1. Please work out which one of (1) closer than 28 Å to residue 64 by Cβ; (2) within 15 Å of the chain's Cα centre (by Cα); (3) surrounded by 17 or more Cβ atoms within 10 Å (Cβ to Cβ) is the condition residue 207 fails and give its number.
2. Might you check whether a residue that is crowded, with 20+ Cβ neighbours inside 10 Å, without any contact (Cβ under 8 Å) to a residue 60 or more places away in the chain and under 17 Å from the mean Cα position of the chain (by Cα) occurs anywhere in the stretch 116-124?
3. So which of 52, 45, 100, 60 is at pLDDT below 95 and in contact with a helix residue (DSSP H, G or I) (Cβ under 6 Å, 6 or more places away or on another chain)?
4. Please identify the pairs in which a residue from the stretch 4-21 that is closer than 20 Å to residue 148 by Cβ and not assigned by TED's automatic domain parsing to the domain that holds residue 75 has its Cβ atom under 9 Å from the Cβ atom of a residue that is part of a loop (DSSP other than H, G, I, E, B) and at pLDDT 95 or above, counting only partners at least 6 apart or on another chain.
5. Suppose we keep only residues that are over 20 Å from residue 173 (Cα atoms) and part of a loop (DSSP other than H, G, I, E, B) within the stretch 215-237. Which one would you say is nearest to the chain's Cα centre (by Cα)?
6. Step by step: first the residues of the stretch 266-299, then only those that are part of a strand (DSSP E or B) and buried (at least 16 other Cβ atoms within 10 Å of the Cβ), then the one that is modelled with the highest pLDDT. Which residue is that?
7. Take the residues of the stretch 243-255 that are at pLDDT 95 or above and assigned to a strand (DSSP E or B): which is nearest to residue 179 (Cα to Cα)?
8. Would you check which residues across the stretch 195-214 are within 19 Å of residue 88 (Cα to Cα) and assigned to a strand (DSSP E or B) and list them?
C-alpha cells in the first residue's frame, strides 16, 4: 500500500502517516452508493466542470477525501466513531425521503453527532486531500484556517466532543433542492477574542443523501436556533435527546446560515458570561451587544 502523505505527520498525533491515511467519508459509506453513478460535485449549487467550463465533471463512484493518520489513530476512530455511527447513518440512508416515523434515541444522536463532527472537521482540514480533482484544485474551497487541539483530541482518545460544539441537522431534498427560500435567515458568529485569546468561532456545513449537517464552534456563547425552535431542525449535540427524524420537513440548505461577524474583543471571561446572557440568534447581532451598532458580516 503506497503512502498517500509521504513525510507528513498524523493530524491527531506526532506519528507519521501510514498508507492512505484516514478515510473522512468511510469506505462503508462510499460503498453504499456503488453502482448509483454518475455523480457530480458542486459548490454553492454550481457543478465543477471540465476545461470547457460547461461540461460537468462526473464520476462513476462517490469520491472521497483523506487526511494523514497513523495506524493507531486510524484504528481508534474506527472503534470509537465509525462502528457506532454506521447503523444510524444506514438507517437514515434507507429512510430516504419517506415521511414514516424514524426514531433516533439520545445515544444514536450522540453517535451521529460524533460522526458528523469528524466528517465536517476533517474534510475542511488544511491537510485534507480530495479524490475529486476539481475540489482539490479549488483555491476557494473553504478550509479551516486553524484547528484547535481540542477539536481533534477527543477523536484520538475516544472521549466526548467539547461542549463548545453544536451539531444541527435538517432534512434535505433527495432530487435537487427547490428554488431558494423567499426569506433567508442568518446567525452572526463573532470573531471573539477573550483576554487576548482568539476563540476561533466557526461553522461548517455539508450534506449527504437526505441530510444536511451544520457544526458550529461557539464556546461560552449559546445559540438559539430558529429552525430548532420551530421544528424544522434538530440539535444533536450537546444535550442529546430522542428525536423523530421522519417528521422533519425538507429544508433548503440556505434557509438559515451562519455568517462570520466582526472581531469582538472581550476583556475577560466574566464579560463574555454577561454578553452570553443574550444567545446568538437570527434576531441578534453580537456586535450590537458589544458596540451598540451592527458591524459588517461575511456570508
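The values are calculated or read from the model by the stated rules, or taken from the named source; none is laboratory data. Remember, predicted model here, so these are calculated numbers, not experimental data. Backbone-built Cβ (ideal geometry, glycine too); neighbour counts: all protein chains shown.
1. Tallying (1) closer than 28 Å to residue 64 by Cβ; (2) within 15 Å of the chain's Cα centre (by Cα); (3) surrounded by 17 or more Cβ atoms within 10 Å (Cβ to Cβ), residue 207 fails exactly one: (3).
2. No, that holds for no residue.
3. On the way: 52 fails: in contact with a helix residue (DSSP H, G or I) (Cβ under 6 Å, 6 or more places away or on another chain); 45 fails: in contact with a helix residue (DSSP H, G or I) (Cβ under 6 Å, 6 or more places away or on another chain); 60 fails: in contact with a helix residue (DSSP H, G or I) (Cβ under 6 Å, 6 or more places away or on another chain).
Every option except 100 fails the conditions.
4. Filtered contacts from the stretch 4-21: no entries.
5. By that ranking, first place goes to 218.
6. We begin by selecting, within the stretch 266-299, every residue part of a strand (DSSP E or B); these are 266, 280, 298.
Next, only the ones that are buried (at least 16 other Cβ atoms within 10 Å of the Cβ) stay: 266, 280.
On the way: 266: 80, 280: 95.
Filtering first and then ranking leaves 280.
7. 244
8. 206, 207, 208, 211, 212, 213, 214
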